[in-house]
Amino acid sequence: MMTLTFGVIGAGRIGQLHINNLQNNKNVKIKWVSDLYCDKMSEWIEKAGVENKTKDHMDIIRDPEVDAIIICSPTDTHVDIIKAAAANGKHIFCEKPISLSLEEAEEAVESIQKSDVKLQMGFNRRFDKNFKQLQGILNKKELGNVQTLRITSRDPEPPPIEYIKRSGGLFMDMSIHDFDMARYLIQSEIVEVYATGEALINPEIADYDDIDTALITLKFKNGSMAIIENSRRSVYGYDQRIEILGDYGAIDVGNEQSSTLNYYRTDGIRRDNPPYFFLERYSDAYKVEMDAFIAAIQNDTDVICSIEDGYKAQQIALKCKESLISNQPKKYEEGCDVNR
């Protein structure tokens, strides 16, 4: 396999995770990392084996040796970076969401569709071994037609208010993963949403037009229905569960645990809590998704999670916000389709 040269834009928590995973792929060279605070990270960047650092991401995009970029920068930078990278022939891996604006996201989609580059969205849950196995079972129709999908997704604690201010809201920042997972599993477009929610954990979140607790119902074009429950606080750990009910039975996927040991005593039964947060829970999925992106470039195959998938999840998030404000279900006249 040919060696691919990468540049990573944004060296925060998720950027560093991707750099570590890229370093474990023998077909990858990381030439650049871009971050506004890269001078303060010189020691880490050197230890990570990255050749060059810069505060200007265009240094990466203009470099003719760079084959692909990883976008881990703030959301409001994504669209400009995507358009510039596509114009310079760089393949792109982009963390969610594309943008907080649907109009800007459409510009990004158009730029990719007019180019010859691949863009993979960072919906890492598609690459979790349990969810992939579940999707395979559903594709084989082993459950027959699906009636209902239930997704439970709870974070261990709310993020800081400073993060809430720029996150785009719970639907765009958190639920968007669940919208993508729902489409991935049901393999049908969403035609109606109804969302309700409150700031029940930290009332200050409401001051920023946001919520920390939500219930969302989805209706699909094929008749299936889904319920998504989101919470910003789960005191026992990162709670990630799915249940599917179909013609021939049901399947549920429970939480990952550090061990399967159950301790039975007269004073009760004990078992390990779920992992604390997403980096621990989906550590393997992050590796698999990056390897899949690299393989798509090397083999010239379609990415598993496209920019169109990212656009549709973003569209659903915005429709949920509309539903929350109006306290009414919101329909799509033509589903969530984007022209390819």
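Points worth noting:
- Meets criteria (part of a strand (DSSP E or B), open to solvent by 40 Å² or more (accessible area, probe 1.4 Å) and under 18 Å from Leu324 (Cα atoms)) for Ile227: yes
- Residue count for segment 21-36, restricted to those that are closer than 17 Å to Ser73 by Cβ and in contact (Cβ under 8 Å) with a residue 24 or more places away in the chain: 6
- Qualifying residue in segment 256-277 (condition: within 30 Å of Asn27 (Cα to Cα) and open to solvent by 10 Å² or more (accessible area, probe 1.4 Å)): yes
- When the test is whether a residue is touching a residue at least 12 places away in the same chain (Cβ under 8 Å), touching a helix residue (DSSP H, G or I) at 6+ places or on another chain (Cβ under 6 Å) and not aromatic (Phe, Trp, Tyr), Ile14 does not pass it.
- The single condition among (1) open to solvent by 50 Å² or more (accessible area, probe 1.4 Å); (2) modelled with pLDDT under 95; (3) in contact with a strand residue (DSSP E or B) (Cβ under 6 Å, 6 or more places away or on another chain) that Pro329 does not meet is (2).
- Filtered residues of segment 191-213 (kept if in contact with a helix residue (DSSP H, G or I) (Cβ under 6 Å, 6 or more places away or on another chain) and aliphatic (A, V, I, L, M)): Val193, Ala195, Ala199, Ile205, Ile211
- Candidate set: segment 140-169, residues that are part of a helix (DSSP H, G or I) and not charged (D, E, K, R); chosen: the one surrounded by the most Cβ atoms within 10 Å (Cβ to Cβ): Ile164
- Residue that is nearest to Glu280 (Cα to Cα) [pool: residues in segment 194-205 that are open to solvent by 50 Å² or more (accessible area, probe 1.4 Å) and touching a residue at least 12 places away in the same chain (Cβ under 8 Å)]: Leu200
- Listed here are the strands (runs of 3 or more DSSP E) enclosed by segment 1-118 that have at least 1 residues being open to solvent by 20 Å² or more (accessible area, probe 1.4 Å) and among the aromatic types (Phe, Trp, Tyr): 28-34.
- Where Thr213 falls short, out of the listed (1) at pLDDT 95 or above; (2) open to solvent by less than 20 Å² (accessible area, probe 1.4 Å); (3) touching an Asp or Glu at 6+ places or on another chain (Cβ under 6 Å); (4) not charged (D, E, K, R): (2)
- Of all the criteria given as (1) open to solvent by 30 Å² or more (accessible area, probe 1.4 Å); (2) closer than 30 Å to Asp116 by Cβ; (3) modelled with pLDDT under 90; (4) out of contact with any helix residue (DSSP H, G or I) (no Cβ under 7 Å at 6 or more places or on another chain), the one not satisfied by Gly335 is (1).
- Residue within segment 233-255 that is within 30 Å of Pro160 (Cβ to Cβ), basic (Lys, Arg) and either touching a residue at least 60 places away in the same chain (Cβ under 8 Å) or outside any loop (DSSP other than H, G, I, E, B) (or both) present: yes
- Residues that are in contact (Cβ under 8 Å) with a residue 12 or more places away in the chain and either over 23 Å from the mean Cα position of the chain (by Cα) or over 26 Å from Pro274 (Cα atoms) (or both) within segment 206-232 comprise Tyr208, Asp209, Asp210, Leu218, Lys219, Phe220, Lys221, Asn222, Gly223, Ser224, Met225, listed in sequence order.
- Subset tally (residues that are of a type in the set (A, V, I, L, M, F, W, C) and in a strand (DSSP E or B)) for segment 170-199: 4
- Answer residue from segment 300-326, given it is aliphatic (A, V, I, L, M) and farther than 16 Å from Val193 by Cβ and is surrounded by the most Cβ atoms within 10 Å (Cβ to Cβ) among those: Ile307
- Entry remark, segment 278-287: residues being assigned to a helix (DSSP H, G or I) and surrounded by 18 or more Cβ atoms within 10 Å (Cβ to Cβ) number 5 in total.
- Tabulated pairs, segment 37-56, first modelled with pLDDT under 90, second open to solvent by 70 Å² or more (accessible area, probe 1.4 Å) and of a type in the set (S, T, N, Q), C-beta under 7 angstrom, 6+ apart or interchain: Ala48/Gln23; Gly49/Gln23
- Some residue of segment 132-139 being over 16 Å from Gln315 (Cβ atoms), surrounded by fewer than 14 Cβ atoms within 10 Å (Cβ to Cβ) and not small (Gly, Ala, Ser): yes
The values are calculated or read from the model by the stated rules, or taken from the named source; none is laboratory data. The structure presented is a predicted model; accordingly, all values stated were derived computationally and were not measured. Neighbour counts run over all protein chains shown; Cβ positions are idealised from the backbone, glycine included. Accessible surface areas use protein heavy atoms only, side chains included; no ligands, DNA or RNA. Shrake-Rupley method; radii C 1.70, N 1.55, O 1.52, S 1.80 Å.
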